[in-house]
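The structure appears right after this line, and notes come after that.
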Amino acid sequence: MQPLQLFKKFFGPKGRDQIPFAELFKRFQDILRKNTAAMELIADMDGKMGGDFVFDRKYLSDSIKKLKELVVGNAYDLNFITNNQFLAIYEVIESLANELEAELSGKVVVRETRRIYHFHQIDEGTEDIVGYKAYNLSKMIHLPKIYFPDGFVASIGCFRDYLAYNNLFEKIATLLEACEKEDKAVGSVSNAICLMILGGDIPPNIRREILNAANKICHGKFEGCYLSVRSSAVGEDGDLSFAGLHDSFLNVRYGELLSAYKKVLASLYNSASLAYRRQMNLFPMEMAMPVLYQRMVPSRVAGVLYTLDPSNPEGAECIVSASWGLGRVVVEGQAATDTFRVLRTPPHAITDQKISTKTWMLAPLKSGSARKVPAELRNKASLSPQEASRIVEAGLILERFFKKPMDVEWSIDDKGRLWVVQARPLRVSRPKRPLRMELDEVLKKQRILLKEKGMIAYRGIGAGPVWIAANSDDLTRFPAGSVLVSHFAPPRLAEIIPRASAILTDIGTTTGHMATVAREFKVPTIVGTGEATRVLQPEQIVTVDAERNIVYEDCIEQLLHHQLLEKPAFEFTLEFQVLRRLLKKIAPLYLTDPTAANFTPKGCRTFHDIMRFVHEKAFQALAQTGADPRHFVRRGGRRLKSQIPLDLILIDLGGGIAETAGRQTYVSPDQITSIPMRAIWAGLSSPHTWNLEPIPIDFKGLMSSVTRVQGSDLLGNSLPGVNLGVIGADYVNLSLPLGYHFTVVEAAVGPKPENNYITFRFAGGVTDITRRSRRATLLMTILEKDGFKVELNGDLVNARAIDLTKEQMSGNLYLIGRLIGFTRQLDILLKNDTDIERYLDKFMHQAGQPDDNQDSFNKEG
Amino acid sequence: MEKTTVCILDDEPIVGDRLKPELEDDGYRVEVFTDSASALDRLDQTCFDVFITDLKMEGVDGMGFLERIKEKCPGSEVIVITGYGTLESAREALIKGAYDFITKPFRIGEIRAAVKKAKKRARRHSE
């Protein structure tokens with residue numbers, strides 16, 4: 001049977017009589033199909049970020065081309081359906097596509113033109129504007145228990161202004177071309193460019209902005225305020241060994257801030273940097289130098305941490321050197337310092353320490369003023385074991401993030417706060433005899449706990465004690481450096497991911513939220529192992545090899561060291577960097593709320609936004625065909641026959657209703673073949689759900705009171721008071737203006753987890769906003785327990801689940817079905833906040849009761 | 001025992017850059033080329049146990065390289081990597097004696113497995 005034929009009776013809404021409704025529906029189906037294809041493509045590209053794939057630039061350009069075709073096709077369909085209401089979308093697509101083209105060619109595309117960024121202004125996705133060093137710093141700022149000195153960045157905008165103001169763009173490009181062609185030209189080209197830069201003038205507006213920003217972080221007092229001025233070059237992708245080639249200046253006084261700026265710019269073109277670019281094939285990438293300014297920290301004790309011992313990089317210890325006062329004496333080797341050898345494995349015990357007699361120190365904040373160390377401190381260890389442990393813990397977090405042994409400048413102030421002043425990769429020589437050669441022998445002897453279970457979501461090696469996440473766990477107690485093991489991948493774990501040395505999940509996909517966060521923080525991750533939580537024991541020490549997909553018992557230092565010292569990190573390849581930039585303009589979904597003011601074509605920042613926008617608007621246009629259920633039935637909609645007093649109209653896009661139903665107007669629930677609709681219905685009609693009447697209220701009367709619908713406008717769906725389900729074999733879009741509130745569920749549930757999603761929106765109610773908010777909180781709690789990502793906005797609940805298997809999604813929809821029934825009048829009952837807990841228990845308790853319906857959607861669906 | 005030798009030819013440098021360290025971890029001796037001329041020069045000097053080559057390249061393309069390998073080193077095995085949508089040429093490569101083909105983009109595990117199998121076969125040839 002062709003379900004579309006059923007719509008032949010449909011006639012378009014007023015003003016569009018010329019287009020048969022069936023045609024409109026066909027377009028809507030096309031939109032769904034293209035959206036699915038585009039989401040598959042995006043998931044495919046995102047999956048490549050995990051490092052387990054080898055891809056080339058042709059793959060990138062082909063993917064972009066295909067994606068653009070799909071998005072343009074959808075824009076066309078939307079305009080067909082809506083009679084050209086959204087022509088502005090073409091322009092948005094074109095401009096995004098142009099940016100992607102430019103990224104593919106290696107040019108850094110910057111939309112924003114702000115010149116100065118204070119750290120808290122550095123947003124997601126601005127690494128090309130502020131440079132990776134500053135970007136990563138801004139990310140690390142959120143790590144617990146580590147402080148970073150306040151600062152700001154003179155962005156890529158300043159750099160470009162500088163070149164333009166001094167007419168240097170062309171000249172530099174010509175010189176660099178020569179350098180790209182010939183190795184020998186590096187030295188002379190470098191000299192020539194550096195001289196041009198140093199001889200230039202800083203544009204007046206940039207001078208002003210830098211000095212103003214410095215004024216701000218010095219709180220207007222320049223006496224005693226010193227800054228560091230450092231490179232934060234674009235294109236380094238966090239690989240600070242590159243940045244080590246550029247210049248940095250410490251203890252810079254206010255009057256020297258501008259000359260230091262020019263010196264840092266010039267160092268972008270020093271010969272070491274140019275030679276490195278040649279070697280790494282990075283010349284096609286635009287060179288640009290944002291400059292990082294940071295306030296110097298007054299310290300009680302300061303020093304340097306090497307996360308590996310440079311003289312014995314294969315050993316198990318870190319080296320911490322420390323001295324009283326300002327850290328510069330340690331960095332520059334000017335005075336006697338204490339040296340501590342500290343174990344890399346938690347809890348980071350000190351194995352050896354050499355305490356020297358420290359006679360001189362630099363007084364904090366008085367640059368260069370040496371003074372005598374008080375007698376009682378001279379022979380005292382400058383660090384306690386706890387302090388040494390904290391420093392190492394922080395250093396190892398940075399090491400994992402940068403995937404390099406690190407050289408960390410730290411300081412501790414009078415209040416005992418640990419500051420990280422600077423962090424860069426530690427240069428250590430490669431082992432003379434490659435570690436790789438011994439690895440085989442070592443690994444053969446190791447006990448294997450898991451092998452080739454699940455998929456690698458992020459490549460790398462990590463080791464540490466196992467920490468199994470359970471719902472009740474206090475996440476703030478997660479010990480840094482542990483291996484995070486979790487059954488599911490609930491979004492709440494995102495906050496501890498940066499501190500994990502590796503991640504294993506029983507269930508999850510490489511395109512899931514957790515995998516995405518793990519990639520963001522470069523944490524080696526294997527998802528969907530099926531049994532990690534069962535096989536691994538809490539606090540058991542393990543090594544996760546997320547390259548070969550093996551989990552070993554014990555910490556295998558050789559494997560970790562091989563990774564750290566010998567393996568080139570894939571993140572620094574040109575293709576990987578380009579993909580990362582492309583994805584920033586493709587994958588994120590910013591338009592989550594159809595009621596928001598920016599839910600417009602111009603508000604679309606990514607291809608994903610455009611797809612979301614098109615889908616929403618197309619659905620709305622289709623659904624706005626009438627306010628009366630009969631209206632829909634006349635046009636081929638079916639009425640659902642059931643015990644529940646819910647007048648639900650189903651419109652089948654194809655495969656949603658069994659063929660046995662023929663053309664009859666009434667269908668029974670068991671004739672629903674749509675997988676997601678079946679699951680929702682199973683929940684909605686489960687006996688405990690609908691039988692439970694939270695309040696004695698005339699239900700029929702409630703259902704018929706469509707005029708009292710309040711939530712619909714809130715949801716941006718100016719839908720009528722008809723309970724409408726648009727269904728397909730693996731799709732559902734259900735709008736329920738139940739009673740006084742409004743529910744919209746949209747879901748795709750098929751065999752491929754990466755295409756599966758559920759969005760659930762809920763708003764409205766008869767009571768005051770406080771009670772409605774209580775219900776929203778209750779909903780959020782239940783949904784989050786089930787692994788949904790939930791946003792609350794007053795009484796508007798926006799929940800989303802993605803990337804789960806068909807069975808998991810069906811389970812989630814079953815829960816949503818139950819929730820719809822359970823909560824429909826709950827706001828009236830939630831008189832105070834403690835009621836939330838009570839009803840939560842009630843709901844959860846019911847979930848534990850035997851229930852025939854619970855399996856029906858899986859058995860038959 | 002002598003190390004198994006692997007030669008990688010792909011004009012996209014990323015392919016060799018990524019594969020070399022991985023295959024070295026598996027205990028192979030690996031050489032990487034990004035243009036067929038220098039790979040052919042090297043072929044004149046020595047037969048690798050396993051060759052991995054892209055098909056589309058400037059100058060002598062992967063198919064030409066494959067033919068030269070089969071002429072000069074009948075005991076070697078050749079794994080062909082192709083962009084998607086060029087299955088036709090992959091089939092042709094198999095007819096001309098390639099041992100296996102892998103479509104780009106590929107997981108590192110796939111190429112490791114393919115090389116492992118090819119190595120065994122190459123060994124049998126030489127025995």
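The values are calculated or read from the model by the stated rules, or taken from the named source; none is laboratory data. Just so it is clear, the structure is predicted and the values come from calculations on it, not from any experiment. Methodologically, a virtual Cβ is constructed for each residue, glycine included, from the backbone with ideal geometry; neighbour enumeration extends over all protein chains shown. The accessibility values were calculated without ligands, DNA or RNA, using every heavy atom of the protein model including side chains. Shrake-Rupley method; radii C 1.70, N 1.55, O 1.52, S 1.80 Å.
A compact table of results
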item: Cα gyration tensor shape of region A:514-658, rounded if a/c is under 1.5, else prolate or oblate by comparing a/b with b/c; result: oblate
item: Using a Förster distance of 35 Å, the FRET efficiency for A:Arg253-A:Lys171 (Cβ separation, nearest 0.05); result: 0.65
item: Cα-Cα over 32 Å, subset of A:Lys65/B:Lys70; A:Lys404/B:Lys3; A:Lys107/B:Lys104; result: A:Lys65/B:Lys70
item: Length gained when the stretch A:Thr595-A:Lys752 is fully extended (0.36 nm per residue, less Cα-Cα span); result: 53.5 nm
item: Probe 1.4 Å, all protein chains present, accessible-area order of A:Trp419, A:Trp324, A:Trp360, largest first; result: A:Trp360, A:Trp419, A:Trp324
item: Highest-first arrangement of A:158-165, A:404-411, where packing means the average Cβ count within 10 Å; result: A:404-411, A:158-165
item: Cα→Cβ-extended label distance, 7 Å offset, between A:Glu376 and A:Ala336, nm; result: 1.9
item: Accessible area in the full protein assembly, largest first, 1.4 Å probe, for A:His561, A:His219, A:His487; result: A:His219, A:His487, A:His561
item: In nm, spacing of pseudo-spin labels at A:Lys354 and A:Ala88 (7 Å Cα→C-beta vector); result: 6.9
item: Two-site FRET efficiency, A:Lys184 against A:Lys221, from Cβ-Cβ distance with R₀ of 51 Å, rounded to 0.05; result: 0.50
item: Distance in nm between pseudo-label sites at A:Gln279 and A:Met844 (7 Å out along the Cβ direction from Cα); result: 5.7
item: Peptide ranges B:48-56, B:92-100, A:570-578 listed from the most packed, as the mean C-beta count within 10 angstrom indicates; result: B:48-56, A:570-578, B:92-100
item: Which of A:Asp46, A:Asp841, B:Asp61 is most accessible, then next, and so on - probe 1.4 Å; result: A:Asp841, B:Asp61, A:Asp46
item: Modelled FRET efficiency - R0 51 Å, A:Asp44 with B:Asp44, Cβ distances, 0.05 increments; result: 0.80
item: Counted charge near A:Met45, where neighbours are those whose Cβ lies closer than 11 Å (Asp, Glu -1; Lys, Arg +1); result: -1
item: Extension gain, A:Val442 back to A:Asn98 (0.36 nm per residue minus Cα-Cα distance, nm); result: 118.7 nm
item: 18 Å reach of a label modelled at A:Ser61, 7 Å along Cα-to-Cβ, counting backbone N of region B:78-121; result: B:82-86, B:104-105
item: Prolate/oblate/rounded label for chain B (Cα gyration tensor, a/c 1.5); result: rounded
item: Full-stretch length increase - B:Asp35, B:Leu94 - with 0.36 nm per residue and alpha-carbon distance subtracted; result: 19.0 nm
item: Within 10 Å of each Cβ in B:106-113, the average number of Cβ atoms from other chains; result: 4
item: Neighbour net charge for A:His608 - beta-carbon separation under 12 angstrom, K R +1, D E -1; result: +2
